[in-house]
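First the structure, in the form of structure tokens, and then the observations on it.
The values are calculated or read from the model by the stated rules, or taken from the named source; none is laboratory data. Just so we're clear, the structure is a prediction, and the values are computed from it rather than from any experiment. Here the Cβ positions follow ideal geometry from the backbone for every residue, glycine too, while neighbour counts run over all protein chains shown. Quick note on the areas: whole protein, heavy atoms, side chains included, nothing else; ligands and nucleic acids left out. Shrake-Rupley method; radii C 1.70, N 1.55, O 1.52, S 1.80 Å.
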Amino acid sequence: MPKQLIIDGKAIEVEDGITLIQACEQAGVEIPRFCYHERLSIAGNCRMCLVEVQGMPKPAASCAMGVNDLPPNKDGSPKIINTKTPMVKKAREGVMEFLLINHPLDCPICDQGGECDLQDQAMAFGHGGSRFAENKRAVEEKYLGPLIKTAMTRCIQCTRCVRYMTEVAGVEELGAIGRGEDMEITTYLGRGMMSELSANVTDLCPVGALTHRPWAFIYRPWELRKTESIDVMDAVGSNIRVDARGREVLRILPRNNDAVNEEWISDKTRFVADGLRTQRLDRPYVRKGGRLEPASWDEALALVAAKLKAAKPERIGAIAGDLAGAEEMFALRDLFVRLGSRNFDCRQDGAKLDPRLGRASYLFNTSIEGIERADAILLIGTNPRLEAAVLNARIRKRWRQGGCAVGLIGEQADLTYTYDYLGAGPQTLKDVGEGKHSFAATLREAKQPMVIVGAAAAARPDGAAILTAAAGIALSASQGKDAGWNAFNVLHTAASRVAGLDLGFVPGEGGLDTAAMLAAAGSGRLDVVYLLGADEVDMLRLGKVFVIYQGSHGDAGAQRADVILPGSAYTEKSATYVNTEGRAQMTSRAAFPPGDAKEDWAIVRALSAQVGHKLPYDSLSALRAAMYKEAPALARLDMVAPADRAGVEALAARGGALGPEPFGTPVRDFYLTNAVARASAVMAELSALKKATQQGTTGTHG
């Protein structure tokens, strides 16, 4: 039942159960706060959010008092809340004065300067001076890992970081020791925090106690040019802000999108920025006498065109990598179709996903936001903590609310929440499908069940049969329930995969898929292979084939290439990426590519003219118009349209024999999954630290 309140003279009706701070925000009143955060539990320990409630003798902490806790007026009139009276002003000034007793005045050298809540609120709600002349308290620095730089003397004990690590990240390694003035925030064992989401605490810290170690003393916030973009380190499609100075990307921060990543990003997304500067391909190269020599664009494109023209259509192939944008995949597919070849594939891991069955057969159909409504989740051959860390935090969020059973078939791992371990391989999947396992009953009884199939399960030789079995379980679990709820979900790991499947970047009639192309190349049945940023295929299996590599980094593909065409990284172009749930989103150019590197679609367009099959678009807008005609889903930016359930039914009807091997995981090293991450020194350090910690050799700060 809605509650009537009068806030600063304005009558407002608020929903039952919310806090006073939320009610004030709904009334358009700004309330200062340090400890309160809408995605964390309420601590009520900074007291900055004090307001005056008429009829109560003392100011009330608005974050900790619910509208239901307000004593009713005797005459039944609405309760009056004041936020700007002299009493409130004096109370807030007093709180701020106490907070600044021990806070060092080192704003000029603090990395939080210019983005500091304490600075801003001291100016807006603080007092002009301090009455304290005692020495300030000093606190020893703490080691929280290679990502987080500490200056704990600045800490105001708001405990946001502690609550975040415990509640959201699910790694209970951070806490408070001591009492009163001696209270300190620290890791319990004096070692770095090993969580894939740990650096979000630096965004939460309202003072400069926790800042980004890799970016320390590099920039000031006001020097940076801010560009809203999309992350491509996994298939979640987290919303990010790329901050650049000149031609250099200096940092990546999260943007709020409640439907996708809320306001969290993984450590890989945040700190991969230094990988955008190193190992870059900045000019074309041609292999002469076994060595890659610098070449002009004309020379490189002429050689590629000559090779493509000389080869028969059935003896050329193309493989798209995990970071390719929809535009370049569309242009390359268009070119290959005009050349008469059907040998192209966007599934470089060999996933048995078939777009001809319909979109529902390869999407995360319940949507990422839908996880919060699920009451039973079956994970098949996936470790979401490594494959999609932000999505895993959403599963943990749902699990913490209670009433949600999680079952896992595959490799056991610490997922940050408890789950029922059902088994390691396809036999367990078969038992669940036939109703022989107790978890089958859990799925049947659930109102909104979810079945999540991992990329590793789909990429096995029996991947088609596994997808069929999972689709069958999802359909039987959904019988007689909400018609709008599709329980079948595929959790992709590659940012480019869904767009590639939407565009039909898979072999046509008689075409070769990735595995067939590698086999054909090794046996001499293929003359030319075009790698569009594909670095994860086995280069040794390409034999003596002529390899064209188009990409941004000098990784495995560039080392094997006979011609290198330098492309743009995801921060240097406007490209469309479709996340695992089918949401099309667009990156924006935050910096220009280095040297002679060009946008990827433009390279393919220039090549088409040399080959004699000129593509009919000269601009990005013309290309997109043609692309939207072929794949209308890509035009619906930031929207998730439910896919037709018939796709899941068609998948379930396919059949196939399951193999005996247990499920694996596609991500062995979370920090080194793609060419940009492998070029990053920060990611290399994290990877080494993780391995050492797992082997038990280190983890503490020397």
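Using a 1.4 angstrom probe, figure out how much accessible area region 384-513 has per residue, in square angstrom, rounded to the nearest whole.
34 Å²
Were the residues from Lys89 through Asp258 laid out at 0.36 nm apart, the gain over their Cα-Cα distance would be 57.5 nm. Is the shape of the chain rounded, prolate or oblate, going by the alpha carbon gyration tensor and its root eigenvalues a ≥ b ≥ c, with a/c under 1.5 for rounded and a/b larger than b/c for prolate? Prolate is the answer for the chain, as a/c is 1.5 or above and a/b outweighs b/c. For region 457-536 versus region 273-339, the inter-centroid distance based on Cα atoms is 24 Å. Between the helical axis of 326-339 and the longest alpha-carbon principal axis of the chain there is an angle of about 10 degrees. For a test of the definition: using alpha carbon positions, the gyration tensor, and the 1.5 limit on a/c, classify region 112-151 as rounded, prolate or oblate. It is oblate, given that a/c is not under 1.5 and a/b is not larger than b/c.
Just the number, please: carbon plus sulfur as a percent of the accessible area of the chain, 1.4 Å probe, no ligands or DNA/RNA counted. C and S atoms contribute 51 percent here.
Per-residue ellipticity at 222 nm computed for the chain from its helices equals -7500 deg cm²/dmol, with DSSP H segments shorter than 4 residues left out and the rest contributing -39,500 (n - 2.57). In the chain, the longest principal axis of the Cα atoms and the axis of helix 463-478 are about 40 degrees apart. To the nearest ten degrees, helix 620-630 and the longest principal axis of the Cα atoms of the chain are 80 degrees apart.
Between Leu189 and Gln401, the contour length at 0.36 nm per residue exceeds the Cα-Cα span by 73.4 nm. Taken along the Cα-to-beta-carbon direction at a fixed 7 Å, the label points for Asp75 and Asp282 span 7.6 nm. Cross-link partners of Lys691 among aspartates and glutamates, defined as those whose alpha carbon lies under 12 angstrom from its own and excluding same-chain residues fewer than eight positions apart: Asp669.
Listed by chain and number, the lysines placed with their C-alpha closer than 28 angstrom to that of Lys84 are Lys3, Lys10, Lys58, Lys74; residues fewer than eight positions away on the same chain are left out. Segment Asp482..Ser523, full-extension length gain: 9.6 nm, with 0.36 nm per residue of separation and the alpha-carbon distance subtracted. With the simple spin-label model, which puts each label point 7 Å out from Cα in the Cβ direction, the Gln427 to Arg220 separation comes to 6.7 nm. Taking all Cα pairs closer than 8 Å and separated by 6 or more residues, the relative contact order of the chain comes to 15 percent. Between Asn45 and Glu299, the simple spin-label model (points 7 angstrom out along Cα→Cβ) gives 6.5 nm. DSSP beta bridges fully contained in the chain are about 55 percent antiparallel.
Given a Förster radius of 41 Å and the C-beta distance between Ala646 and Arg245 as r, what FRET efficiency does 1/(1 + (r/R0)^6) yield to the nearest 0.05?
The computed FRET efficiency comes out at 0.20.
Restricting attention to region 466-624, lysine pairs at least eight places apart or on different chains and with alpha-carbon atoms under 29 angstrom apart total 5. Between the beta carbons of Glu661 and Glu685, assuming R0 = 41 Å, the FRET efficiency works out to 0.75 to the nearest 0.05.
Is the shape of region 627-702 best called rounded, prolate or oblate, per the rule: a/c under 1.5 gives rounded, else a/b larger than b/c gives prolate, else oblate, with a ≥ b ≥ c the square roots of the Cα gyration tensor eigenvalues? Taking the square roots of the gyration eigenvalues as a ≥ b ≥ c, region 627-702 is oblate.
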